[in-house]
Every structure is written in structure tokens, then in C-alpha cells.
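Take a look at the structure below.
The values are calculated or read from the model by the stated rules, or taken from the named source; none is laboratory data. Model, not experiment: these values are computed from the prediction. Note that we place each Cβ from the backbone using ideal geometry, even for glycine, and neighbour counts take in every protein chain shown. We work out accessible area using only protein heavy atoms, side chains counted, and drop any ligands, DNA or RNA first. Shrake-Rupley method; radii C 1.70, N 1.55, O 1.52, S 1.80 Å.
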Amino acid sequence: MGYKIAVVGATGNVGREMLNILAERQFPVDEIVALASRRSLGTEVSFGDTTLTTKDLDAFDFTGWDMALFAVGSEATKQYAPKAAAAGCVVIDNSSLYRYDPDIPLIVPEVNPQAIHDYKNKNIIANPNCSTAQMVVALKPLHDRARIKRVVVSTYQSVSGSGKDAIDELWNQTKGMYVPGQEVAPSVYPKQIAFNVIPHIDVFMDSGDTKEEWKMVAETKKIVDPSIRVTATCVRVPVFVGHSESVNIETEEFLDEDEARDILREAPGILVVDKREDGGYVTPVECVGDFATFISRIRQDVTVENGLNLWCVSDNLRKGAALNAVQIAELLGREVLKKG
Ligand code: 2RA
């Protein structure tokens, strides 16, 4: 006995990864449906060694379905998530729409699994922003041991975070740099992304932070601990898949780098690759397709009393989005719905 599960936005980067991961992790499925907008109707998407033909989200009745993994923008989520939730189908939403609603849990299963019981008000569970998810997996075990009081993070985010058009833009702009007359003007981003970096993700806020930077602050507080002070600088880099982060942590208690490394080695969802030699660290190209959050460059920050630096890399389409959503579905099934 398994679950009836819908993937909403099944033709996008994240929706396709959700289907891949549900199959890879052998999620107990009785029935699965791929839903998309009318313009994608009939598109075939892979689910393990089978193929699903996408159906019309607008006409779909969620009654009798256990869970719906949403991988669409906030506008479509606003239109269809309440409909699914009202039909008794638990929504696990990857958009930012519900993340900051105090009545809706924002969950990274390795960090705050206990929050899975808090969805019953609205039948909706929120998935965090990709750049937050990988960071809090690393923060949580260190916070439990030495109580983190401040985090300074700089991110190096791949273009797949912006969607398929951004992947095409990086590819075509890069090719255009080598083929005279084939230059490709910036369109997805305000400036050239090929061989460049852009310190701007999402919109600018009055504070001067971007919304992406604000999300990392707000979501870390909601998922880990509201007392943690976070400041972020989020940068787009010419990488196709895989977000990297330079994370500086200040703790209440002193935490030796070797103990920190041992703690992270034992922590769920983390793979430590940390050797002080050529290549003794993880880079984005090596994380693609993996479930893990990789941690490297663990070392003391001697400029403050109790400081640590680390390097954090993860596949932003997986732990940053689709994997975390599937892990929430697994947690929901195991702890609450208990079918399968
Ligand atoms: C990005 N975190 O990387 C945002 C949304 N996925 O563009």
C-alpha cells in the first residue's frame, strides 16, 4: 500500500528532478500523475524506467490524492495549492509563497523534522530556498554543539537556479565569445554571465539586500533558530548546476576545527571532503546528481573568539529543491500518513 502522489510543474528542471528522485529512492507510489500547464499538455516526462504524459493542472481534481509536490512559480502555486489542500491532498511547495507564513512549516528533514506535525492548519508544507537548504544542513549540528550566534555567508549560485532559459543563456553566451558575430546579449540577467559573476539574485529591497539574501536570513531563523544573526551576499556565477557557499560561523562556545569536522562527518545529509592539499575539497561540477551536502575547507577563524570557516557545495536542483521536497514527503509518510 503506497501513496497517490502528484508532481505539479513536472516539465520544469525541479519537477523533472522530483520524478527522478521519487523513482531513485523507490518512494512507495500507488499512483503518480505529472501535472503541468496547458502549454505543456501531453509532454512526456520520465519516471524511473517508465514515461508519464503530463495532464492538465487546471482541470485536475486532487480529491483522493495523498500528496502534491509543487514545483511551479508563486502565481501558479497561489492558484492551485489551496485547491489541492482543500481537497485533502497535502501540498509540499517549492515556491517561496508560503515559506514565511507562521502557520505553515518550513522543513529541512535533517534539521527540523519535528515541524512535520505543524502542517495540519493549512495542509501545506513549504520547501526552503535552495541556498538556505544546503547551509542549514551544515549549521544545525554545529549549532547543537556550540550554539551559533552569527553567520556570514557568500554564495556562488549556478544558473540552473534561474531556470532553463538561464542555462541556455550561459551556454549560448559562452559559445558566442568564441565565434565572431555570434555574441549573445544578456536577457535573463542584467549583465553578461559568461566569464563573469553577478552580485544580484532576485529583486533589490530597500535595505540594499536582495530578496535572495533576505530569504537566507529569514529561512535560517525559521528552520534552525531565530536567535542566529545572518548576513548574506548572493552571487550568480557561470556554473550550470551546483551552488557553492563560503560560510563563516561565530559560536557561543569555542569549537575546535577538528571537533567541528568530526561533528559534520557524523551529521545526516553531509559528506565531508576536507584535505589540505591540491584537490582536497569539493567543487560544483562534482556535486551534480548527488544527494549530499558537501563540506570542505573547515578551519578556525582566528579573527574572532569562536570562529569557523567552511565551504559548502550541493546540487541546487536536488538538496536545494527536489530532494528536500521528496525527503519531506518521506517524512510525512513515515511520521503521519503511515501508508506504504
Ligand atoms: C536561485 N535560489 O538560485 C534561487 C531560486 N532557485 O535563482
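Look at the Cα gyration tensor of the chain: its axes a ≥ b ≥ c give a/c of at least 1.5 with a/b at or below b/c, and that counts as oblate. With R₀ set to 22 Å, the beta-carbon distance separating Met205 from Gln79 gives a calculated FRET efficiency near 0.30.
Bridges between two residues of the stretch 138-242, per DSSP, are antiparallel at a rate of about 20%. In order along the stretch 330-336, the phi-based Karplus estimate (6.51 cos²θ - 1.76 cosθ + 1.60, θ = phi - 60°) of 3J(HN,Hα) comes to 4, 5, 4, x, 5, 8, 10 Hz; Gly and Pro are listed as x. Which FRET efficiency value, to the nearest 0.05, do you get for Glu286 and Ser46 by plugging their Cβ-Cβ distance into 1/(1 + (r/R0)^6) with R0 = 25 Å? Between Glu286 and Ser46 the formula returns 0.55.
Summed over the residues of the stretch 1-105 and divided among them, the accessible surface reaches 43 Å² per residue at a probe radius of 1.4 Å. Summarising the amide proton neighbourhood of Val90: residues at separation of 5 or more, or on other chains, whose placed amide H is nearer than 5 Å comprise Met67, Ala68. Probing with 1.4 Å while keeping every protein chain in the model, the per residue accessible area of the stretch 188-294 equals 50 Å². Label positions at Ala87 and Asp101, each projected 7 Å from the Cα along the C-beta direction, are separated by 1.7 nm.
Distance from the alpha carbon centroid of the stretch 1-43 to that of the stretch 237-286 works out to 32 angstrom. Of all lysines in the structure, the ones whose alpha carbon falls short of 16 Å from that of Lys338, not counting any fewer than 8 places away in one chain, are Lys4, Lys120. Secondary structure note: in the chain, about 50% of the DSSP beta bridges are antiparallel. Estimated purely from DSSP H runs of n ≥ 4, each contributing -39500 (n - 2.57), the mean residue ellipticity at 222 nm for the chain is -8500 deg cm²/dmol once divided by its residues.
Label-to-label distance for Glu257 and Arg299 is 0.6 nm, based on points extended 7 Å past Cα in the beta-carbon direction.
Subtracting the Cα-Cα distance of Arg229 and Leu337 from 0.36 nm times their residue separation leaves 35.3 nm of extension gain.
Rounded if a/c is under 1.5, else prolate if a/b is larger than b/c, else oblate: which is the stretch 118-192, with a ≥ b ≥ c the root eigenvalues of its Cα gyration tensor? It comes out oblate by the Cα gyration axes. So for the stretch 46-165: antiparallel DSSP bridges make up what percent, rounded to the nearest 5? If I count the DSSP bridges inside the stretch 46-165, around 20 percent turn out antiparallel.
Given a Förster distance of 30 Å, report the FRET efficiency between Asp165 and Arg25 from their Cβ-Cβ distance, rounded to the nearest 0.05. Efficiency, rounded to the nearest 0.05: 0.55. For the stretch 172-222, the spherically averaged projection of the C-alpha convex hull amounts to 4.6 nm².
At the listed q of 0.18, 0.20 Å⁻¹, the Debye profile of the stretch 186-272, built from one uniform point per Cα, gives log10 I(q)/I(0) equal to -1.01, -1.12.
Less than 5 angstrom separates the built amide H of Phe47 from those of Leu52, all sequence-distant by 5 or more or on a different chain. Protein heavy-atom surface of the chain, 1.4 angstrom probe: 50% of the accessible area is carbon and sulfur, with nucleic acids and ligands not counted.
Output the pairs from Lys140/Lys164; Lys191/Lys275; Lys122/Lys339; Lys78/Lys222 with a Cα-Cα distance over 30 Å in this structure; if there are none, say none. Going by Cα-Cα distance, Lys140/Lys164; Lys191/Lys275 fall outside the 30 Å limit.
Extension gain for Lys175-Asp278 works out to 34.1 nm (0.36 nm per residue, less the C-alpha to C-alpha distance).
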